[in-house]
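**Student:** Please find one structure pasted underneath; my questions will follow.
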Amino acid sequence: MTVKTQVACDVRFDTPGKQRGYLRVPHSHNTAGWASLQIPITVVVGKPGPTLLAFGGTHGDEFEGPVALMKLARELEPEAVRGRVIIVPALNLPAVRAGTRLSPLDGMNMNRAFPGEYNGSVTSLIAHYVTNVLFPLADIVMDIHSGGRSMVFYPCATLHRVPDDAQYARMLAAAKVFGARYVFMYADIAGEGLLPVQAERMGKLVVTTEMGGNGECNPGVLRIAERGIRNVMIQQGLLDGVVTAPDYEVLTVASTDPADYIGAPADGLYESFLEVGDPVEAGQTVGQVHFPEQADRAPEPVVARSSGVLIGRRAIGATSQGDNVATIARPVQA
Ligand SMILES: [Zn+2]
């Protein structure tokens, strides 16, 4: 079936071997009327097996995913692959170039743009292509996120509790083998249109992460990301080898209650009392908001409503009312 899309792709997905090329997204602008945005894509087709589709740079200020996947794309050879690996290291390339969460071309969040539009703005065109061309090719969809400039996470593999029990069991097993300390079950508290949700609805084994943050490419976090990606590929039969187990126990935690997500009570400067990974008790003051215009005013406390571990916190001091400043993940059996 031919899919109607405005995005052109100059690699073929069924040709054995390794190909590098571009997704060409029409982008007409003031200094180039006939132009396209060129997003690098690598396809490695080896022996028969499953298809892994891996994305980095869905948000442009999260760098471990793009770096890990560019390295993987350079290293992978078809002789070593059982199946097919499709890698797009910088899905929202304009945002990655700018180092911003949102695309500077249309202000859109790639991870709220799904399923996309046939004739929308650049971000919508990319999302539409992913939904209608790339997702149908894939068995496993990997989307490597970090906290970005605004957040820091304790590195974790993340997942939703999808309704299909068999799909969920496969996703949970992959999240565990990824080998970050936490498998983090999360809720969508800030809108719809997520890439992983679209892939989940299409029945894919979806692997997502929150690797660190702070707008950096952290060397320790990058090692966890690289090991995790390879571990999942080995578990899924795409690569030979042995899964590299971490030297700590992998724990499953959940922030599936809105109370687990704490927003700033007021504009000001946020001071976190805790670092990610620290234990938290319900009722504990985890931080406070200072008021730089009223230096004598007592800070406003930020109080946890659940007990567990601080899985994520705000990375930027200057904070607006309603910005997420702390996320508490509760231990769960899974
Ligand atoms: Zn992200």
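**Student:** So, counting K/R as plus one and D/E as minus one, what does the shell of residues with Cβ under 14 Å around M151 add up to?
**Tutor:** Here the charged neighbours net out to -3.
**Student:** Taking Cα pairs under 8 Å and at least six residues apart, what relative contact order does the chain come out at, in percent?
**Tutor:** Over the chain, the number comes to 15 percent.
**Student:** How big is the chain on each of its three principal axes, counting only the C-alpha atoms and giving the largest first in Å?
**Tutor:** That works out to 66, 52, 35 Å along the principal axes.
**Student:** What does the charge count near P219 come to, summing +1 for each Lys or Arg and -1 for each Asp or Glu among other residues with Cβ under 11 Å from its Cβ?
**Tutor:** Charge balance in the 11 Å sphere: -2.
**Student:** Can you tell me, using C-alpha contacts under 8 Å and at least 6 residues apart, the relative contact order of the stretch 225-321 as a whole percent?
**Tutor:** Reported relative contact order: 27 percent.
**Student:** Continuing with the same structure: How large is the translational diffusion coefficient of the stretch 62-205 in µm² per second when you combine the Kirkwood radius over alpha carbon pairs with Stokes-Einstein at 10 °C and 1.306 mPa s?
**Tutor:** Answer from the Stokes-Einstein relation: 97 µm²/s.
**Student:** For the chain, what does -39500 (n - 2.57) per DSSP helix run (n ≥ 4), summed and divided by total residues, give at 222 nm, in deg cm²/dmol to the nearest 500?
**Tutor:** That calculation yields -5500 deg cm²/dmol at 222 nm.
**Student:** Let me check the size of the stretch 155-296 from its C-alpha atoms; what are the radius of gyration and Dmax in Å?
**Tutor:** Rg, Dmax (Cα atoms, Å): 17.9, 63.
**Student:** Report the rotationally averaged projected area of the stretch 200-280 based on its alpha-carbon convex hull, in square nanometres.
**Tutor:** 8.8
**Student:** Okay, next question. Can you run phi through the Karplus equation (6.51, -1.76, 1.60; θ = phi - 60°) for the stretch 213-220 and list ³J(HN,Hα) in whole Hz, with x for Gly and Pro?
**Tutor:** x, 6, x, 10, 10, 7, x, x
**Student:** What is the projected area of the convex hull of the Cα atoms of the stretch 151-230, averaged over all directions, in nm²?
**Tutor:** Computed as one quarter of the Cα hull surface, the answer is 5.4 nm².
**Student:** Give me the orientation-averaged projected area of the Cα convex hull of the stretch 4-128, in nm², one decimal.
**Tutor:** The directionally averaged projection comes out at 7.8 nm².
**Student:** Could you give the length gained on full extension between R74 and D267, defined as 0.36 nm per residue of separation minus the Cα-Cα distance, in nm?
**Tutor:** Taking 0.36 nm per residue and subtracting the Cα distance, the gain is 65.0 nm.
**Student:** Which net charge results when you count Lys and Arg as +1 and Asp and Glu as -1 among the other residues whose beta-carbon is under 14 Å from that of Q167?
**Tutor:** Cβ neighbours under 14 Å give a net charge of 0.
**Student:** Using a 1.4 Å probe on the protein heavy atoms, what percent of the accessible area of the stretch 1-130 belongs to carbon and sulfur?
**Tutor:** Using a 1.4 Å probe with all protein chains present, the stretch 1-130 comes out at 54 percent carbon and sulfur.
**Student:** Could you pull out every residue, at least 5 positions away or on a different chain, whose amide H is within less than 5 Å of the one on G57? Hs are placed 1.01 Å off N in the peptide plane, and Pro or chain starts have none.
**Tutor:** Result for G57 returns G65, L91.
**Student:** Can you give the accessible area of V183, probe radius 1.4 Å, in Å² rounded to 10?
**Tutor:** Accessible area of V183: about 0 Å².
**Student:** Also, I was wondering about something else. Compare the Cα positions of Q19, A127, Q333 along the charge dipole of the chain (+1 at Cβ of Lys, Arg; -1 at Cβ of Asp, Glu; about the Cα centre) and return the one farthest towards the positive end.
**Tutor:** Ranked along the dipole, the leading option is Q19.
**Student:** I'd like the per residue volume of the convex hull spanned by the Cα atoms of the stretch 243-288, given in cubic angstrom.
**Tutor:** Each residue corresponds to 137 Å³ of Cα convex hull volume.
**Student:** Give me the 1.4 Å probe accessible area per residue for the stretch 16-138, excluding ligands and nucleic acids, in Å².
**Tutor:** 38
**Student:** Could you do me a favour and compute the accessible area per residue for the stretch 256-334, 1.4 Å probe, result in Å²?
**Tutor:** Heavy-atom SASA per residue in the stretch 256-334 reads 50 Å².
**Student:** If I take R0 = 35 Å and measure r between the Cβ atoms of D240 and Y168 in this structure, what FRET efficiency does the formula 1/(1 + (r/R0)^6) give, to the nearest 0.05?
**Tutor:** Taking R0 as 35 Å, the efficiency between D240 and Y168 is 0.80.
**Student:** Can I ask one more? Any chance you could list P(r) for the stretch 246-334, counting all Cα-Cα pairs in 10 angstrom bins from zero, rounded to whole %?
**Tutor:** Computed distribution, short to long bins: 18, 47, 25, 8, 2.
**Student:** Each label point is 7 Å from the Cα along the Cα-to-Cβ direction; what then is the distance between the points at T2 and R24, in nm?
**Tutor:** 1.7
**Student:** So, one more: Could you state the number of Å between the C-alpha centres of the stretch 301-327 and the stretch 192-234?
**Tutor:** The stretch 192-234 and the stretch 301-327 have Cα centres separated by 22 Å.
The values are calculated or read from the model by the stated rules, or taken from the named source; none is laboratory data. From a predicted model like this one, the values you see are computed outputs, not experimental measurements. Quick reminder, even Gly has a Cβ in these numbers, built from the backbone with ideal geometry, and neighbours come from all protein chains shown. Ligands, DNA and RNA are stripped out before the accessible areas are found, and what is left, the full protein with its side chains, is counted by its heavy atoms. Shrake-Rupley method; radii C 1.70, N 1.55, O 1.52, S 1.80 Å.
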